[in-house]
Amino acid sequence: MKEKASIGKILPVMFGFFIMGFVDVVGIATNYVKTDFHLSDTVANILPVMVFLWFLVFSVPTGLLMNKIGRKNTVMLSMAITFIAMLVPFAAYNFTVVLIAFALLGIGNTIIQVALNPLLTNVVSGDKLASSLTLGQFVKAIAAFLGPIIAGFAAGSLGNWKLIFPLYAVITVVSTIWLWSTSIDKEQSEEKNVSIINCFGLLKDRYILAFFVGILLVVGIDVGLNVTIPKYLMEKCSIPLEQAGLGISLYFVARTVGTFLGAIILSKYSASKIFMYSIILGVFGLIGMLLVSNLVLLSVFIFVVGFACANLFSIIFTYALKRQPERANEVSGLMIMGVSGGAIALFIGMVSDAVGSQAAGIVVLLVCLLYYFYLGRLFAKTDAK
């Protein structure tokens, strides 16, 4: 009976990771909005900036908020904001309104990313936490994978890609009600509040600084690929957006497979070695994308890049916590701030506009990925201590 009750508490929390994955709709949405309003890459890529900027602003305040209203209430607040964000672009559709909608989506996603992982600790025992967090990322990846497919179906078969938003709104309501009706064990108050000063003070440690930059770049690479892949496929293969958008789904399929296998492989082998192998594979994939024009080969290389990048975030986050475990709250807050690295997509758009080719954006992502060879050396030094 106790086991069933435990599962009953885990499932609504786990479903919250599906809501967390809604943020990845920004990739395909940016491409549709660019087409609808005839925008340049620089202007269109303001959309992902509007989403990921808020991770810099709201991560630590969310940690403070959790101490006051609790983790469950904080997650439900994030879902309420996400619900509103999903309704806004369907109620009115112009570029300003879309910016507001994606700003709200970014705020809601910041809050849920900060609050949902700690909430999981309230319903999962310590020995099962790591596997549960990995499963949560798997659920999030499924949502990310489905987004472009749903948008493409809505555009091609229903004549309006924006129908994805009311669907997401309904799913968010279901998730909110499910979590609200679930009894979660009472939370312990944190003995020490997280503060912005404490978080930024950690950057004096060169390892923490390097890990923070790593988080910035890994999210930037992820969002950059999310936004660039459809445009790159349209440029290279002369295919319509509805078909090119499936390239994002392929990328997220690869990430989903990589996350699933990563949970198994990382339990048996050194994380630093897996990290280095992943970077080598990722560099190979991006170079391949630059060299070929065949749709099938491009699809293969997109899958390779997605698979290679699947576990970078979790490995970096793990090493950051290992560096100063006694200050886990501050480290966690700082690393979540690093999710604001999604704003790198704006720079990618500017470079693509300046050069006149989406290949320039791929080159920017390749340069970002090369940074991880340095980070891998720091991981190896950490393991040696």
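What follows draws every value from the coordinates through simple rules; no lab data is involved. All of these numbers come straight from a predicted model, not from anything done at the bench. Reconstructed Cβ throughout: ideal geometry from the backbone, glycine too, with neighbour counts over all protein chains shown.
Quick check for me: using +1 on Lys/Arg Cβ and -1 on Asp/Glu Cβ, what's the dipole size of the chain about its Cα centre, in debye to the nearest 20? Before the final figure, lay out each step's value.
Details: 25 positive and 17 negative charges, 168 e Å.
Value, rounded to 20: 800 debye.
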Q. If you take the square roots of the eigenvalues of the alpha-carbon gyration tensor of segment 18-58 and sort them as a ≥ b ≥ c, do you get rounded (a/c under 1.5), prolate (a/b over b/c) or oblate?
A. oblate
Q: Provide the net charge surrounding Leu298, with neighbours chosen by a C-beta distance below 13 Å and charges set as Lys +1, Arg +1, Asp -1, Glu -1.
A: +1
Q | Given charges at Cβ of Lys, Arg, Asp, Glu: the chain dipole, positive-most of Asn198, Ala154, Thr110 | A | Asn198
Q. Applying 1/(1 + (r/R0)^6) with R0 = 30 Å to the Cβ-Cβ distance of Ile69 and Leu209, what FRET efficiency is obtained, to the nearest 0.05?
A. 0.40
Q | Formal net charge of residues neighbouring Met276 (Cβ-Cβ distance under 14 Å; K, R +1; D, E -1) | A | +2
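What trypsin sites (Lys or Arg not before Pro) does segment 218-280 have in DSSP loop regions with at most 10 other beta carbons within 10 Å? Don't jump to the answer; show the numbers that get you there.
Working: sites: Lys231, Lys236, Arg255, Lys268, Lys273; in loops: Lys268.
Those that pass, being in a loop and sparsely packed, are Lys268.
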Q.
Given points 7 Å out from each Cα along the Cα-Cβ axis, report the Leu87 to Ile264 separation in nanometres with one decimal.
A. 4.4
(Q) In 10 Å bins starting at zero, report the fraction of Cα pairs in the chain per bin as a rounded %. (A) 5, 24, 35, 26, 9, 1, 0
Q.
Using 23 Å as the Cα-Cα cut-off, could you pick out the over-long pairs in Lys273/Lys322; Lys34/Lys236; Lys72/Lys140; Lys140/Lys236; Lys273/Lys381; Lys72/Lys268?
A. Lys140/Lys236; Lys72/Lys268
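Work out the FRET efficiency for Ser183 and Thr42 from their Cβ-Cβ distance, taking R0 = 35 Å, and round it to the nearest 0.05.
On the way: r = 49 Å, r/R0 = 1.40.
Computed FRET efficiency for Ser183 and Thr42: 0.10.
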Q: Determine the shape class of segment 255-300: with a ≥ b ≥ c the square roots of the Cα gyration tensor eigenvalues, call it rounded for a/c under 1.5, and otherwise prolate if a/b is greater than b/c, oblate otherwise.
A: oblate
Q: Could you pull the Cα extents of segment 265-385 along its three principal axes, largest to smallest, in whole Å?
A: 48, 30, 19
Q.
Shape verdict for segment 166-280, please, from the Cα gyration tensor: rounded (a/c under 1.5), prolate (a/b greater than b/c) or oblate.
A. oblate
Q: Any chance you could run the full-extension gain for Phe347 through Glu235? It's 0.36 nm times the residue separation minus the Cα-Cα distance, nm to one decimal.
A: 38.4 nm
**Q.** Student exercise, segment 234-327 dipole from Lys, Arg, Asp, Glu Cβ charges, in Debye to nearest 20
**A.** 440
Q: Would you mind computing, in nm to one decimal, how far apart the modelled labels at Leu370 and Ile7 are, each placed 7 Å from Cα along Cα→Cβ?
A: 5.1
(Q) Show me the ranking of peptides 95-102, 134-141, 43-50 by mean Cβ neighbours inside 10 Å, starting with the highest. (A) 43-50, 134-141, 95-102
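Under unit Cβ charges (Lys, Arg +1; Asp, Glu -1), what dipole magnitude, rounded to 20 debye, does segment 1-112 have relative to its Cα centre?
Working: 7 positive and 4 negative charges, 129 e Å.
Dipole about the Cα centre, nearest 20: 620 debye.
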Q | Inter-label distance for Ala354 and Val174, nm, one decimal - labels placed 7 Å from Cα along Cα-to-Cβ | A | 4.6
Q: Give the longest segment of the chain that steers clear of GluC sites (Glu not before Pro) in DSSP loops with at most 14 neighbouring Cβ atoms within 10 Å, not counting the sites themselves.
A: 192-385
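Counting alpha carbon pairs within less than 8 Å and at least 6 residues apart, what relative contact order, in whole percent, applies to the chain?
Values: 595 pairs, mean separation 101.8, N = 385.
Here the relative contact order equals 26 percent.
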